[in-house]
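The values are calculated or read from the model by the stated rules, or taken from the named source; none is laboratory data. Only a predicted model underlies this, so the values are computations on that prediction, with no experimental measurement involved. Backbone-built Cβ (ideal geometry, glycine too); neighbour counts: all protein chains shown.
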Amino acid sequence: MKIIGITGGVGAGKTQILEYLNNKYGATICMADEVGKKLQKKGTECFDEIVAHFGEEILDEKGELDRTKLSDIVFADRVELSVLNGIVHPKVKEEIQKKIAREERKSTNLMLIEGALLIEDHYEEICDELWYVYVEDSIRRKRLKYARGYEDCKVDQIFEAQLPKDLFMRHCDRVIDNSGQFEETKIQLNKIIEDL
Ligand SMILES: CC(C)(COP(=O)(O)OP(=O)(O)OC[C@H]1O[C@@H](n2cnc3c(N)ncnc32)[C@H](O)[C@@H]1O)[C@@H](O)C(=O)NCCC(=O)NCCS
Ligand SMILES: Nc1ncnc2c1ncn2[C@@H]1O[C@H](COP(=O)(O)OP(=O)(O)OP(=O)(O)O)[C@@H](O)[C@H]1O
């Protein structure tokens with residue numbers, strides 16, 4: 001089984017690329033954000049550790065994490081972000097390794113692991129290749145405003161919490177430029193899959 005890590009900054013189109021590769025090539029997909037969200041549900045070890053550090057003010061009326069409140073805290077303060085990362089990231093990686101083991105037993109051909117922080121968290125240890133989805137910052141900003149209603153300051157804060165282009169380029173084996181029409185991205189992806 002080939003294990004590919006798909007990374008890149010917020011709003012680069014990683015999720016869209018994953019969907020395309022799943023539909024066209026039947027790749028098994030695993031999204032680090034989704035794994036993280038499940039591990040942060042009320043009653044989990046991760047949830048308890050987050051509440052112990054950040055306090056009950058970050059809960060909503062149902063007692064679940066209020067992701068907007070937590071996001072406002074951590075993206076405004078690097079120290080708080082690193083505390084949250086320290087709680088969540090090791091458990092996410094462990095869970096992803098279990099998923100990989102399950103797919104290996106099913107003799108899956110291609111598994112894609114998607115996340116913005118694969119380099120920081122050393123996913124090269126568990127992936128055969130890392131692919132960088134690149135989109136010019138100004139275009140990512142426009143797409144995030146349009147699709148998610150993110151304000152400029154939120155985009156700036158998240159950009160600052162992620163790696164710059166040169167570090168993504170240095171650590172990744174392939175680059176996919178998704179700054180243009182998605183049809184152009186599909187052509188790049190088809191070529192890469194043929195090469196694999
Ligand atoms: C801060 C949180 C609560 C915000 O949740 P929310 O639902 O509003 O946004 P979402 O999770 O979809 O994140 C939006 C985007 O922000 C970026 N982002 C998320 N966490 C981080 C982080 N720790 N460092 C840098 N960028 C991040 C990613 O590009 C992500 O796609 C959440 O992202 C979180 O718990 N992050 C810390 C854990 C983490 O890193 N998860 C992602 C991979 S495991
Ligand atoms: N080539 C493209 N042209 C126009 N819009 C695009 C293109 N690729 C992706 N998008 C749009 O840009 C937005 C961000 O894409 P997506 O959610 O896939 O990013 P992401 O990299 O998964 O972000 P995150 O790091 O937050 O998970 C979405 O609304 C998506 O539909």
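Here is how the numbers come out for the structure above:
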item: Hey, Lys145 surrounded by 15 or more Cβ atoms within 10 Å (Cβ to Cβ), within 15 Å of the chain's Cα centre (by Cα) and in a helix (DSSP H, G or I) or not; result: no
item: Selection count, the stretch 1-34, where residues are within 12 Å of ligand 1 (Cβ to nearest atom) and free of Cβ contacts under 8 Å to residues at least 60 places away in the same chain; result: 1
item: The stretch 23-58, subset of a type in the set (Lys, Arg) and within 20 Å of Gly115 (Cβ to Cβ), residue surrounded by the most Cβ atoms within 10 Å (Cβ to Cβ); result: Lys37
item: Residues being farther than 11 Å from Gly13 by Cβ and touching a residue at least 60 places away in the same chain (Cβ under 8 Å) - total across the stretch 176-188; result: 1
item: Helices (runs of 4 or more DSSP H) wholly inside the stretch 36-126 that include at least 3 residues being more than 22 Å from Phe168 (Cβ to Cβ) and among the β-branched types (Val, Ile, Thr); result: 78-105
item: Selection count where residues are near ligand 2 (Cβ under 9 Å from one of its atoms) and either touching a Leu at 6+ places or on another chain (Cβ under 7 Å) or not in a loop (DSSP other than H, G, I, E, B) (or both), scope the stretch 127-141; result: 3
item: Qualifying position, being among the hydrophobic types (A, V, I, L, M, F, W, C) and in contact with a helix residue (DSSP H, G or I) (Cβ under 8 Å, 6 or more places away or on another chain), among Phe168, Phe182; result: Phe182
item: Residue match in the stretch 51-64 (condition: of a type in the set (Gly, Ala, Ser) and within 14 Å of ligand 1 (Cβ to nearest atom)); result: no
item: Where a residue in the stretch 110-124 is under 19 Å from Ala12 (Cα atoms) and more than 9 Å from ligand 1 (Cβ to nearest atom) and its partner, wherever it lies, is of a type in the set (Lys, Arg) and modelled with pLDDT of 95 or more, with Cβ under 8 Å and at least six apart; result: Glu114/Lys14; Tyr123/Lys93
